[in-house]
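Notes follow once the structure below has been shown.
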Amino acid sequence: MSPIEGVAVKIKAIRTKKDYDEALAGIERLMGARPNTSDGDRLEALAALVQAYEARRFIPRVEHASTFLKRLAGKDPLGRRRGREVL
């Protein structure tokens, strides 16, 4: 008998912080699941939902980071130097 057999983990869309925390708890409960089992499938589905939520919620967009770094380097967002360059 699997140590996680019979663990009820609900699969649903992650829309709120509470949903996110519940999904992370479900992942933790399912961490020992074997691949290609119902618990393994639940683990895989939860991980995909969490990954999608994190991508929307926590990861800054690349274009924003690029613009910020260009401004730090003294360039405008289009990559042009500001002011005169010293030769």
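Computed from the coordinates by the stated procedures, all read-outs in this text should not be read as laboratory data. Small disclaimer: the values here were computed from a predicted structure and weren't measured. All Cβ positions, even for glycine, are placed from backbone atoms using ideal geometry, and neighbour counts span all protein chains on display.
Data table
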quantity	calculated
Projected label distance in nm at GLU54 and LYS17, using a 7 Å step from Cα toward the beta-carbon	1.8 nm
Vicinal HN-Hα couplings computed from phi for region 8-22 (Karplus, 6.51 cos²θ - 1.76 cosθ + 1.60; Hz; Gly/Pro x)	8, 10, 7, 9, 8, 4, 9, 10, 10, 4, 4, 4, 4, 4, 5
Stretch gain in nm, segment ALA8-ARG34, where the contour uses 0.36 nm per residue and the Cα spacing is subtracted	7.8 nm
Ascending count of other beta-carbon atoms within 10 Å, so fewest first, for LEU43, LEU69, LEU24, LEU49	LEU69, LEU24, LEU49, LEU43
